[in-house]
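Beneath this line is the structure, given in structure tokens, with notes to follow.
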Amino acid sequence: MSDDAPIIELRNVSKFFGPFQALAGINLSVVAGERVVVCGPSGSGKSTMIRCINRLEEHDQGSITVDGISLGEDTKDIRAVRQEVGMVFQQFNLFPHLTVLENLTIGPIRVRKMEKARAESLARNYLERVHIPEQAGKYPAQLSGGQQQRVAIARSLCMEPRILLFDEPTSALDPEMINEVLDVMVELAGTGMTMIVVTHEMGFARKVADRMVFMEAGRIVEVAPPSVFFTNPESDRARMFLDQILEH
Amino acid sequence: MSATAENAVETSPRRRTSLRKMIGSRPVSVAIYLAVMWVIVATALKGAEAMGYNWQWYRIPRYFYEATEGGIVLGEIPWGLVGTLALSGTAFLLAVAIGLIVALLRLSDLIVGRWVARGFLELVRNTPLLVLLYVFYYVFGPIFGLNRYTASVGCLAVFHGALISEIFRAGINAVPRGQWEAANSIGMTGWQIYRYIVLPQSIRFMLPPMTGEVVNMIKSSAIVSVIAVAELTTVGRNIISDTYMSFEIWFTIAAVYMVVTLIISTGATVLERRYAVRD
Ligand SMILES: Nc1ncnc2c1ncn2[C@@H]1O[C@H](COP(=O)(O)OP(=O)(O)OP(=O)(O)O)[C@@H](O)[C@H]1O
Ligand SMILES: [Mg+2]
């Protein structure tokens, strides 16, 4: 595979919830190492789109290829893709009955069949990377929201994925904790990780995004580099959206 | 609305819940229980007296133990209790296995699995336990070569397995969807997700109804006395047919059941408290 062949490719993807069409003919290619920030009004299908990429949602039409594997019914393929694609959720979704260290090692041990000792040193390494090595023995409920989200990022990293998906990772956080999570994500972007980030944190987007994707009503309305998107968006809808969220 | 009126609106439901809490509290419920029991026992004694019943309580202890030259020998009632506990224990383990399988089938994406689970559940839930026992003993018995004991274990396991499957299902459904999504997104298999993520979390939700089922199992195991399987109730029937002391024996047997189930409930409360700490 050559360097600029896409690692993620969505072709004409549509998705229905009953009669309601949540995605309407999405086309998107992402090359390895690229950082894409997705924004758009509530209900525009941002979550649905990235959840189709690791098949937490099944698309109804079109095709999705991730790292050379085409997503279909085959559960082995789906699991292979999920091992390469980490996901960070708005609500963290840490495993409350496991310690931080166990949250991090369960994937490597059970899915990657790694030895416990190796998994733990890997986990401690990534806890260091998200700046909370001292929390390894605690349970998630004992941590602040910002710390929990950083544990969730470390949990994804422990699977050593090639791609990370973020679905509004800071929207459930108190304002004073948003930056500690964004800082970790900026550092991550510096390592060459392929990232698709759904967020309305436009400061973060300006800093790390290679491309901005603007969605509305299940469609991608505009794709542009941040320098263009923020100063001179093509579509009126994107302009209105930016005016609204940048007002504050 | 004035401030005092608002206050009144606020306090009245609080007072009602505190009254309910008081009635629900342990000493008060024990007192109510004792009062009710007293009324029942007093009425029974009076009735027995009226019909000239000849109480022979002094003959009861020998059915618990007897002192012989060789030492203390356990009587029929403790052995009956052992029979009851062995029968209920075996049936309960089987019932848990059946319940888990039925719950997983019911929650699976296999349409056939869901149908089988649903059918099993409706069938068992809508059959009286006694009829189910007759089916196991008189129908499945000859067909599959079940004896009294295996037919009884099978019947109790199937009957309570259906109820336990609903406990599993509710417990599993009580685990938030995000847990599935997080586990799926690191590539775990469905089986791994149940084993390492979902079931450990649902134990907390399942423990109270599950101990309720243990108690129910012990109580409903009495029904196998109709096909003369050796257990506590059968022992009671046998003693009565020898001695005609029906009042004393049934009171005694009931008390033994009550002591055992109370011990289990108390143990369960302790266990629940230990599991609740980790939040
Ligand atoms: N499981 C579901 N069942 C039915 N409708 C759904 C489901 N999930 C999403 N939808 C609908 O699909 C549309 C797109 O949802 P999606 O969550 O992708 O939007 P979003 O862009 O992420 O919005 P937000 O910014 O609020 O998170 C919405 O109208 C939503 O109501
Ligand atoms: Mg969303």
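The values are calculated or read from the model by the stated rules, or taken from the named source; none is laboratory data. Everything numeric here is computed off the predicted structure, so don't read it as measured data. Every residue, glycine among them, receives a Cβ derived from its backbone with ideal geometry; neighbour counts consider all protein chains shown. Quick note on the areas: whole protein, heavy atoms, side chains included, nothing else; ligands and nucleic acids left out. Shrake-Rupley method; radii C 1.70, N 1.55, O 1.52, S 1.80 Å.
Between the helical axis of A:175-189 and the dominant principal axis of chain A, each derived from Cα atoms, what acute angle in degrees is found, rounded to the nearest 10?
Roughly 90 degrees, rounded to the nearest 10.
I'd like the accessible area for B:Ser220: 1.4 Å probe, protein heavy atoms, all chains in place, Å² to the nearest 10.
20 Å²
What number, in percent, do you get for the relative contact order of chain A if the mean sequence gap of Cα pairs under 8 Å and at least 6 apart is divided by its residue count?
Rounded, it is 26 percent for chain A.
On average, how much accessible surface per residue is there in chain B, in Å², for a 1.4 Å probe, leaving out ligands, DNA and RNA?
59 Å²
Summing Lys, Arg as +1 and Asp, Glu as -1, what charge do residues with Cβ under 13 Å from the Cβ of A:Ile109 carry, A:Ile109 excluded?
+4
Over 27 Å between Cα atoms: which of A:Lys76/A:Lys113; A:Lys76/A:Lys116; A:Lys138/B:Lys21; A:Lys76/A:Lys138 fall into that group?
Exceeds cut-off: A:Lys138/B:Lys21; A:Lys76/A:Lys138.
Using modelled amide H (1.01 Å from N, peptide plane; none on Pro or chain starts), what sits under 5 Å from the amide H of A:Thr194, excluding residues fewer than 5 places away?
Amide H neighbours of A:Thr194: A:Gly33, A:Leu164.
Would you be so kind as to identify all helices of chain B, as entire DSSP H runs, whose Cα atoms reach 20 Å or more along the helix's own axis and whose mean Kyte-Doolittle hydropathy is at least 0.0?
B:26-50, B:76-107, B:111-125, B:148-173, B:199-220, B:246-276
Compute the accessible area per residue over the range A:1-93, keeping the other protein chains in place, probe 1.4 Å, unit Å².
Solvent-accessible surface per residue comes out at 42 Å².
Roll a 1.4 Å probe over the protein chains and send me the accessible area per residue for the range A:169-248 in Å².
49 Å²
Note down the nm distance, to one decimal, between modelled labels 7 Å out along Cα→Cβ at B:Ala174 and at A:Asn179.
Calculated label separation equals 4.2 nm.
Of all DSSP beta bridges in the protein assembly as shown, what percent run antiparallel (nearest 5)?
Of those bridges, close to 60 percent are antiparallel.
What is the dipole size for chain A, taken about its Cα centre, with +1 at each Lys and Arg Cβ and -1 at each Asp and Glu Cβ, in debye to the nearest 20?
So the dipole magnitude of chain A works out to roughly 640 debye.
Are any of the pairs A:Lys46/A:Lys207; A:Lys15/A:Lys207; A:Lys15/A:Lys46 more than 23 Å apart by Cα-Cα distance, and if so, which?
Correct reply: A:Lys15/A:Lys207.
Which positions within the range A:84-98 get 20 Å² or more of their accessible surface covered by the other protein chains, compared to the chain by itself, with a 1.4 angstrom probe?
By number: A:Phe89, A:Asn93, A:Phe95, A:Pro96, A:His97.
Using only Cα atoms, find the angle between the long axis of helix A:145-158 and the longest principal axis of chain A, and express it within 0 to 90 degrees, rounded to the nearest 10.
Tilt relative to chain A: about 80 degrees.
Taking the Cα atoms of the range B:61-278, what is the range of coordinates along each of the three principal axes, in descending order and whole Å?
Largest first, the range B:61-278 extends 70, 46, 29 Å along its Cα principal axes.
Could you please state, rounded to a whole Å, how far the C-alpha centre of the range B:76-152 is from the C-alpha centre of the range A:50-114?
39 Å
Got a number for carbon plus sulfur as a percent of chain B's accessible area, 1.4 Å probe?
Carbon plus sulfur share of accessible area: 68 percent.
What is the angle, in °, between the Cα long axis of helix A:236-246 and the longest principal axis of the Cα atoms in chain A? Nearest 10 is fine, range 0 to 90.
Around 40 degrees separate the two axes.
Note down the relative contact order for chain B as a percent, whole number, built from C-alpha pairs under 8 angstrom at least six residues apart.
Worked out over chain B, it gives 21 percent.
If I ignore ligands, DNA and RNA and count only protein heavy atoms, how much of A:Val130 is accessible to a 1.4 Å probe, in Å² to the nearest 10?
Per-residue accessible area (A:Val130): approximately 0 Å².
Which percentage, to the nearest 5, of the DSSP beta bridges contained in chain A is antiparallel?
55 percent
What's the total accessible area buried between chains B and A, using a 1.4 Å probe, rounded to the nearest 100 Å²?
Its buried surface, counting both partners, is about 1800 Å².
When only the heavy atoms of the protein chains count and the probe is 1.4 Å, how do A:His200, A:His59, B:His160 rank by accessible area, highest first?
Result, largest first: A:His200, A:His59, B:His160.
At a Förster radius of 25 Å, what calculated FRET efficiency corresponds to the Cβ-Cβ distance of B:Arg118 and A:Phe16, to the nearest 0.05?
0.35
Could you tally the net charge around B:Arg106, taking each other residue with its Cβ under 10 Å from the Cβ of B:Arg106, Lys/Arg +1 and Asp/Glu -1?
Net local charge, B:Arg106 excluded: +2.
Around A:Gly62, which amide H atoms from residues at least 5 apart in sequence, or from another chain, sit under 5 Å from its own amide H, with H modelled in the peptide plane?
Amide H neighbours of A:Gly62: A:Ser14.
Which of the listed residues, B:Pro78, B:Ser108, B:Ala162, is farthest toward the dipole's positive end in the range B:61-278, when Lys, Arg count +1 and Asp, Glu count -1 at the beta-carbon?
With unit charges placed on the Cβ atoms, the residue in question is B:Ser108.
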